[in-house]
Structure formats: C-alpha cells, structure tokens
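The values are calculated or read from the model by the stated rules, or taken from the named source; none is laboratory data. Keep in mind the model is a prediction, meaning the values are calculated, not measured. Cβ placement follows ideal geometry from the backbone for every residue including glycine, while neighbour counts extend to all protein chains displayed. All accessible areas refer to the heavy atoms of the entire protein, side chains included, with ligands and DNA or RNA removed. Shrake-Rupley method; radii C 1.70, N 1.55, O 1.52, S 1.80 Å.
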Amino acid sequence: MEKPKILVVDDDRDILILLRKRLEMEGYEVFTVSEGEEVIRQVKLNNFALIVLDIVMPSMNGLDICKAIRNLVSAPILLLSAKDREIDKVVGLELGADDYITKPFSIDELTARIKSHLRREMRSVSTPVSNQKVFQFEGIIINGETYEVSVDGVTVHLSGKEFEILLHLVRNRNLVLSREQIYNAVWGFEDNGDINTVTVYLKNIRKKIDPDHRMIITIWGIGYKFVI
C-alpha cells in the first residue's frame, strides 16, 4: 500500500529533520523543502496528501507560497509561524490554508492535527457518490460530486474547507447552525482548534458567492443559516 506523501516546508533545518523523523515513524513518506520555488515544483511533481508550510521563509514567504499552490492542490495546508498575531492567521485562512499552528509547537499536537486532517480527507474520499447531491439556488450550482461551485455559469474556486462548510449549510438550509456545530461537522469533534476559524471561512465564502448576504444569513449571538 502506498504511503501518504507529506510535504514539509521550513527554512529551519532542525525542524525539517525533527518532522521528517517523527512523520516517517508514523508511516508517512516525507518530502522536505526550504525554498519557495522548490515547493511549487514539488507540488506539480507529486500528489501530496498534506502540506505543512512555514509562514516565515526567505525570498518567498509562506503566505505567498500558499496562494501560489492553493489552486494546484486540494490537500490540506497547515501553516506554521512564530508570529502569534491574529492577522497572520486570518490572512492564511483566507488564502486557503486549513489550519494554523504557532511556534514553538508540540510535536505531538502537530502530529495529531496531521492525522486528524488526513482521517477527514479519507472519509471524504470514501463517501459513496450516491449520497452526494447537486444543489441549485438562484444561479448558484453546488456540485457535491465534483466539489465544484458556479455562479451564473462562472466557476468559482473554493478551498476544500470552504466547500465543506458551504455544503453543510446547504444540506441544513433554513436551519440555524452555531459556529460550534459547523466546526464539529467540518473539522471533527476530536479537533481542538479555534472555532473563530468558521467566521473567517464564511467571510471568504460570502465574498465569492454571496456578497449581498442574501443566502448566508448571520443570526447574531446564535450562528448562521442558508436561506433559499
């Protein structure tokens, strides 16, 4: 059985060695890169199951790399950064990252996050096509079989997590869902991440398909609902 491939991007050689050893012990095939242009080349050559990406990089920072590769891969992208600033997290998520971990980090926590993301990806792939549907509302088509969205015939790119959030709202249309409910449905109960991530993703989804807030409605103090 082919091992899942993980790409680790960092300019700190010690971190690359540490993560390679630990992830290889967990049964993954690990590629390590310390330069932005090489990341893009590796992404085009390999089918990575997950990418761990440091924000602070020489010549081409991690946010620029994330933006450059997001349309090339559907794999989860986990950002690493020594900066504990909310703006870095927000920008990273808006560019399509799926998670954010601040340095210094626990190797056990990072490994657990990686496993959690990969389990969700496996569940998504194994979902029978017969259980997936195509939804159409006011010129918006949401295809749960191909993970594609179009608005008035024009394809709109959503990251994997953006699509999962939108699909969860659509499948529960006209029901109010709290941020906790959305987070647990998309990230899973075992994930101990920040539920404020949901707010960032919904802001990004709205900019792409619902700038007038006609369909994705905020119910202040409670949550969100998708309204037809």
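Can Lys208 be described as in contact (Cβ under 8 Å) with a residue 24 or more places away in the chain, open to solvent by 20 Å² or more (accessible area, probe 1.4 Å), touching a strand residue (DSSP E or B) at 6+ places or on another chain (Cβ under 7 Å) and more than 26 Å from Ile87 (Cβ to Cβ)?
On the way: in contact (Cβ under 8 Å) with a residue 24 or more places away in the chain: yes; open to solvent by 20 Å² or more (accessible area, probe 1.4 Å): yes; touching a strand residue (DSSP E or B) at 6+ places or on another chain (Cβ under 7 Å): yes; more than 26 Å from Ile87 (Cβ to Cβ): no.
Here the answer is no, as Lys208 does not meet what is asked.
Within segment 83-107, being surrounded by 21 or more Cβ atoms within 10 Å (Cβ to Cβ) and assigned to a helix (DSSP H, G or I) holds for Lys89, Gly92, Leu93.
Selection of segment 141-154 for residues being part of a strand (DSSP E or B) and surrounded by 14 or more Cβ atoms within 10 Å (Cβ to Cβ) yields Ile141, Ile142, Asn143, Glu148, Val149, Ser150, Val151. Of everything listed in (1) polar (S, T, N, Q); (2) in a helix (DSSP H, G or I); (3) at pLDDT 80 or above; (4) over 20 Å from Ile55 (Cβ atoms), the single unmet condition for Thr111 is (4). Within segment 157-169, residues that are more than 13 Å from Thr197 (Cα to Cα) sit with their Cβ atoms under 6 Å from residues that are among the β-branched types (Val, Ile, Thr) and in a helix (DSSP H, G or I), at 6+ positions apart or across chains, in these pairs: Glu164/Val186; Leu166/Ile205. Reported count of residues in segment 135-156, each being touching a residue at least 24 places away in the same chain (Cβ under 8 Å) and within 19 Å of Ile228 (Cβ to Cβ), is 8.
On the stretch given as segment 155-188, residues that are surrounded by fewer than 14 Cβ atoms within 10 Å (Cβ to Cβ) and modelled with pLDDT of 90 or more total 1.
As for segment 159-171, it holds at least one residue that is within 17 Å of the chain's Cα centre (by Cα) and part of a loop (DSSP other than H, G, I, E, B).
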